[in-house]
Amino acid sequence: MAVASAPISLAAAAGGSALLFRQLFDVDTGTFTYLLVDVPSGEAVLIDSVFEQHHRDLSLIRELGITLVASIDTHAHADHVTGSWLMHQATGCAIGLAAAVRAENVTLPLAHGDRIRFGGRHLEVRSTPGHTDGCLSFVLDNHAMAFSGDALLVRGCGRCDFQQGNAHTLWRSITEQILSLPEACLLYPAHDYTGRSVTSVAEEKAFNARLGGAATERDFVGHMENMKLPHPHKIAEALPGNMRSGKPRDQAAPETWAPLQRSYAGLPELSPDWLADHSSSVTVVDVRSGEEFNGPDGRIPGSVLLPLPDLDNRKHELPADRPVVLVCHSGSRSALATQQLLKAGRQQVANLRGGISRWEADGYPIERLTSN
């Protein structure tokens, strides 16, 4: 049986904190996704995932070795499709969304006052409608941070001109449920399009042009009702998709040649287990030097040598009708080789996770030259 790689220290990954926090970003839609992990238990929640970033998010979860309790959304987004259904399929996590949205496939319907628990921590659910009827904000148990979705953005807020939006309602949501938090509470929005990733209650109360400073509800409503914004360009796709919690109408076909997993760095990878069972159907390319290939570390039986410095000029020598698995000692140089072949248009290519070092540690054979 294969030996699993040693897990990393979650406490170290969290910088010594009892809470591991990651802010992720989707450039195409300006969406922030948040991962919160209770370090002692290893349980986590994911907030506002993006369908197209599913492999990235899942890779991070797997690399950290954590248990995802729930994938939750602050609202039914109009500019992207949630990745919650895909994450539920991959991990078995709950799908959380406001019950008021009445979306399909939700397993954790949420309402004001609910608590979403992960390990010894929890997020408090606050109803913050006005952008949409189903908007929620999530507040960490110690009120050190809150996730305001599209209700409150950095120096702005969500629009109120469609999806049951109402400026009066949004004013009350923001002032009563978000800006009532301690001034030191950090606020993390669902979107930003200019690189602003975090703000605070104190800042927004003072500097938000729409509702901060001396602004009144009358000022706010006057601003919001005269914005005349174009609709999000993905709205026709996003809203129906989010009413299914991100479940595709037609399930995408699985990988045809191998069960690829993408690393958090974005590389397609295969495990030694799979390669051991399918080595006869692929070309295993060792990108180390000739001295290493023939040296004491040995090589994977049946592998062919093509040193990394020569790959670009000799890639045409690789059989075009067989997938290619790249290997080196640790998976580092072969990761670069994988990237080069992908950029060259090669589709059926993957890196051997952990390289020859993990291959041997997992108990698979190594071929070594015998000296006379």
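The values are calculated or read from the model by the stated rules, or taken from the named source; none is laboratory data. Fair warning: this is a prediction, and the values are worked out from it, not measured in the lab. Cβ sites come from the backbone with ideal geometry, for glycine too, and all protein chains shown count toward neighbours. Side chains included, ligands, DNA and RNA excluded: accessible areas come from the protein's heavy atoms. Shrake-Rupley method; radii C 1.70, N 1.55, O 1.52, S 1.80 Å.
Overview of results
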quantity: Criterion (open to solvent by less than 70 Å² (accessible area, probe 1.4 Å), in a loop (DSSP other than H, G, I, E, B), within 25 Å of Ala344 (Cβ to Cβ) and not basic (Lys, Arg)) met by exactly one of Ala258, Ala320, Ala265; calculated: Ala258
quantity: Count - residues of region 110-139 that are of a type in the set (Ser, Thr, Tyr) and within 21 Å of the chain's Cα centre (by Cα); calculated: 1
quantity: Which numbered condition Ile95 misses (of (1) surrounded by fewer than 21 Cβ atoms within 10 Å (Cβ to Cβ); (2) more than 12 Å from the chain's Cα centre (by Cα); (3) among the aliphatic types (A, V, I, L, M)); calculated: (1)
quantity: Entirely in region 115-163, the strands (runs of 3 or more DSSP E) that have 2 or more residues that are surrounded by fewer than 20 Cβ atoms within 10 Å (Cβ to Cβ) and modelled with pLDDT of 95 or more; calculated: 115-118, 121-127
quantity: Matching residues, region 300-317, being farther than 12 Å from Val284 by Cβ and not in a helix (DSSP H, G or I); calculated: Pro307
quantity: Residue, nearest to Trp85 (Cα to Cα), within region 190-229, restricted to residues that are assigned to a loop (DSSP other than H, G, I, E, B) and under 28 Å from the mean Cα position of the chain (by Cα); calculated: Ala190
quantity: Candidates Val27, Val45, filtered to the one that is aliphatic (A, V, I, L, M) and either open to solvent by 10 Å² or more (accessible area, probe 1.4 Å) or free of Cβ contacts under 8 Å to residues at least 12 places away in the same chain (or both); calculated: Val27
quantity: Set Asp73, Asp114: member being at negative phi and in contact (Cβ under 8 Å) with a residue 60 or more places away in the chain; calculated: Asp73
quantity: Residues that are surrounded by fewer than 17 Cβ atoms within 10 Å (Cβ to Cβ) and either assigned to a helix (DSSP H, G or I) or polar (S, T, N, Q) (or both), drawn from region 98-114; calculated: Ala99, Asn105, Thr107
quantity: From Val81, Val27, Val45, Val50, residue being closer than 27 Å to Phe162 by Cβ and within 12 Å of the chain's Cα centre (by Cα); calculated: Val50
quantity: Which listed residue, of Arg56, Arg22, Arg62, is open to solvent by 60 Å² or more (accessible area, probe 1.4 Å) and not in a strand (DSSP E or B); calculated: Arg62
quantity: Members of region 334-372 that are over 17 Å from Leu267 (Cβ atoms) and either under 23 Å from the mean Cα position of the chain (by Cα) or free of Cβ contacts under 8 Å to residues at least 24 places away in the same chain (or both); calculated: Thr370, Ser371, Asn372
quantity: Subset tally (residues that are loosely packed, with under 15 Cβ neighbours inside 10 Å, touching a helix residue (DSSP H, G or I) at 6+ places or on another chain (Cβ under 9 Å) and among the charged types (D, E, K, R)) for region 206-223; calculated: 1
quantity: All positions within region 235-250 that are in a loop (DSSP other than H, G, I, E, B) and within 20 Å of the chain's Cα centre (by Cα); calculated: Arg244, Ser245, Gly246, Lys247, Pro248
quantity: Selected residue [closer than 23 Å to Gly266 by Cβ and open to solvent by less than 60 Å² (accessible area, probe 1.4 Å)] from Gly290, Gly331, Gly298; calculated: Gly331
quantity: Every pair of residues 6+ apart whose Cβ atoms lie under 8 Å, when the first sits in region 87-102 and is closer than 22 Å to Gly119 by Cα and at pLDDT 95 or above while the second is small (Gly, Ala, Ser) and assigned to a helix (DSSP H, G or I); calculated: Ile95/Ser84; Gly96/Ser84; Leu97/Ser84
